[in-house]
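Where a number appears in this text, it was derived from the coordinates with a stated rule and is not lab data. Treat the numbers as computed from the prediction; the structure is a model and nothing was measured. As a convention, Cβ positions derive from the backbone with ideal geometry for all residues, glycine included, and neighbour counts pool all protein chains shown.
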Amino acid sequence: MRVLVEPVRDHILEILEKRKADFSKIEESVRLIVENVKKNGQSALEEFISRYEKCALKAEQILVSRKEFESAKVEPEFEEACEKFIERLEAFHSMQLERSVWKLTENGSFIAQLIRPIESVAIYVPSGKKVYFTTLLMCAIPAKIAGVERIVAVCPPNEKGELSPYVLHLCQKLGIKEVYKMGGAHAIAALAYGTEFVKRVDKIVGPGNAYVSCAKKLVFGDCGIDSIAGPTELVIVADESADPRLVAIDMLAQAEHDEMAMSVLLTNDEDLLDKTLEELARQLNDLGEPNRSVARVSLKKSGLSILMKDLNSAMEFVNILAPEHLELFVEDPFPLLTKLRNAGSVFLNDSSGEAFGDYGIGPNHVLPTSTGARFSSGLSVQDFLKKIFVTRVSKEDVLKQGKLYSTLARFEGFEAHARSIEMRMEGSR
């Protein structure tokens, strides 16, 4: 954990540069995988599954069978907790649903915006040291609310070619019947281009490792994506009113995600900083393995505690960093909230730990990382909707407004555009 005093802008930019996804070392190998699957389809996909998933799955075996769904057993407390999780997500995301709108002008013309769902979406559910079944819920719920007709799930299998019963149970509960046992760059390519046994989709959502993110970047344009996710991030802005135990446990909770996770404390109170560091050391020792080892590496590589001159300076830092998660553990967070321009998701007061966001308090936890919050938002119903524009120009409007449009067309140098409008003016007289 590095401790700094009021970093200069150049230092902040240096930290950000190191956080950016660097695909230079893997992009060529990922490109070869993507192109191979695009060209050779199912045979290439099966080869890569055998090589990278360490289990040989052929043809129909890649698709989860009815028997596999039926054999997925989960604890009653898991099922009960997920019921509440789904209810809260549905309540929040239902507020985001847009409706088609029509506007009639006084001359009989109208303009409209039609809202239509994307037809097919694939959800990438990461699996490795942990299985992120919450990602499935976070992606599937807004897609269902948007009205997506075909929702597909993909998840890397274990060495026996099996998926987590939690993932299978939730797919059944959500009505997702098309579930594929595959992961990595080859899964992204199969979803983007299709194979003999994997039907292509219109959009891929959900986070993954560097190979998954790089593959999503490469297929974008042939297939829609949500974002290119980087390592997870948390920034805590705290004053003397914050509880150092809660600040420390939230930094630790962030650090246990993976060794690249970033945990940052910004405070104007030196006493809080010192007590938080003491708590971090104590609580880290109390954490069991393997989480302790992961968190220790994360805090050493990307942990920061920074003493700021005041909270306004802290917010300037936040807006440059544009963190995925922001916690405002101050006596009155609302004045700081008015200064906020860039963040994925915000948690107010130290009773509102980011962990609530991960486990379904309401807002989505699929969020922009690596300063992406400067120009994008967390996953929402809008990510699964399209806007189609509709225009009808009446003959009366053609006569009254046509000259304006033809004049503008000629200023841009498009003579045929101008004549197209003027011919309609002549025909409307």
Original post:
Cα gyration tensor of the chain, axes a ≥ b ≥ c as square roots of the eigenvalues: rounded (a/c below 1.5), prolate (a/b > b/c) or oblate?
Top reply: oblate
**OP:** Could you calculate the contour length gain from Glu162 to Lys67, that is, 0.36 nm times the residue separation minus the distance between their Cα atoms, to one decimal place in nm?
**Re:** 33.0 nm
Original post:
Once the other residues with Cβ under 9 Å from the Cβ of Lys199 are scored (Lys, Arg +1; Asp, Glu -1), what is the net sum?
Top reply: +1
Original post:
For the chain, modelled as a Gaussian network with Cα springs under 10 Å, which listed residue fluctuates most, Ser313, Ser394, Ser24?
Top reply: Ser394
Original post:
For region 25-108, what does the alpha-carbon gyration tensor say about shape, rounded, prolate or oblate, given a ≥ b ≥ c as the root eigenvalues, a/c under 1.5 as rounded, and a/b over b/c as prolate?
Top reply: oblate
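So what's Rg/Rh here for region 27-225, counting alpha carbon atoms and using the Kirkwood radius for Rh?
1.04
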**OP:** Provide the FRET efficiency to the nearest 0.05 for the Ser50-Ser241 pair, computing r from the beta carbons and using R0 = 60 Å.
**Re:** 0.60
Subject >> Lys/Arg +1, Asp/Glu -1 at C-beta; the chain dipole; positive extreme among Ser100, Leu311, Ala418 >> reply: Ala418
Subject >> Theoretical ellipticity at 222 nm over the chain - DSSP helices of four or more residues, -39500 (n - 2.57) apiece, nearest 500 >> reply: -14000 deg cm²/dmol
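Please sort 180-191, 142-153, 317-328 by packing, taking for each peptide the average over its residues of neighbouring beta carbons within 10 angstrom, highest first.
Those peptides, ordered most packed to least, come out 180-191, 317-328, 142-153.
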**OP:** Quick one: which residues, 5 or more positions from Ile204 or on another chain, have an amide H under 5 Å from its amide H? H modelled 1.01 Å from N in the peptide plane, none for Pro or chain starts.
**Re:** Ala122, Gly224, Ile225, Asp226
Subject >> Contour minus Cα-Cα distance for Lys400 and Ser94 (0.36 nm per residue) >> reply: 105.9 nm
Subject >> Dipole magnitude of the chain about its Cα centre (Cβ charges: Lys, Arg +1; Asp, Glu -1), debye to nearest 20 >> reply: 2260
**OP:** Using a Gaussian network model of the chain whose springs link C-alpha atoms within less than 10 Å, name the residue from Glu14, Glu162, Glu278 with the highest mean-square fluctuation.
**Re:** Glu14
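Please tell me the relative contact order of region 229-292 in percent, rounded to the nearest whole number, where contacts are Cα pairs under 8 Å and at least six residues apart.
Numbers: 76 pairs, mean separation 25.5, N = 64.
Value for region 229-292: 40 percent.
Hey, any idea what the orientation-averaged projected area of the convex hull of region 194-331's Cα atoms comes to, in nm²?
10.6
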Subject >> Length-normalised contact order of the chain in % [C-alpha pairs under 8 Å, at least 6 apart] >> reply: 20
Subject >> Over 18 Å (Cα to Cα) - which of Lys203/Lys386; Lys84/Lys173; Lys130/Lys181; Lys217/Lys387; Lys144/Lys177 fall in this group >> reply: Lys217/Lys387
**OP:** Go through Pro231, Met262, Ser213 and say which Cα lies farthest out towards the positive end of the charge dipole of the chain; charges sit on Cβ, +1 for Lys and Arg, -1 for Asp and Glu.
**Re:** Ser213
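If you place +1 on the Cβ of every Lys and Arg and -1 on the Cβ of every Asp and Glu, how big does the dipole about the Cα centre of region 307-407 come out, in debye to the nearest 20?
Dipole about the Cα centre, nearest 20: 1040 debye.
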**OP:** For Phe347, list long-range residues whose amide hydrogen, built 1.01 Å from N in the peptide plane, is under 5 Å from its own amide hydrogen.
**Re:** Leu326, Glu327, Leu328
Original post:
Which aspartates and glutamates have a Cα less than 17 Å from the Cα of Lys54, not counting those fewer than 8 places away in the same chain?
Top reply: Glu46, Glu159, Glu162
Original post:
From the residues Leu277, Ser109, Ser65, which one has its Cα farthest along the dipole of the chain in the positive direction, the dipole being from +1 and -1 charges on Cβ of Lys/Arg and Asp/Glu about the Cα centre?
Top reply: Ser109
Subject >> Bridge type composition, the chain - antiparallel percent by DSSP, nearest 5 >> reply: 25
Original post:
Roughly how many debye, to the nearest 20, is the charge dipole of region 27-225 about its Cα centre, given +1 on each Lys and Arg Cβ, -1 on each Asp and Glu Cβ, and no other charges?
Top reply: 240
Original post:
How high is the relative contact order of region 1-150, in percent, with contacts defined as C-alpha pairs under 8 Å that are six or more residues apart?
Top reply: 15
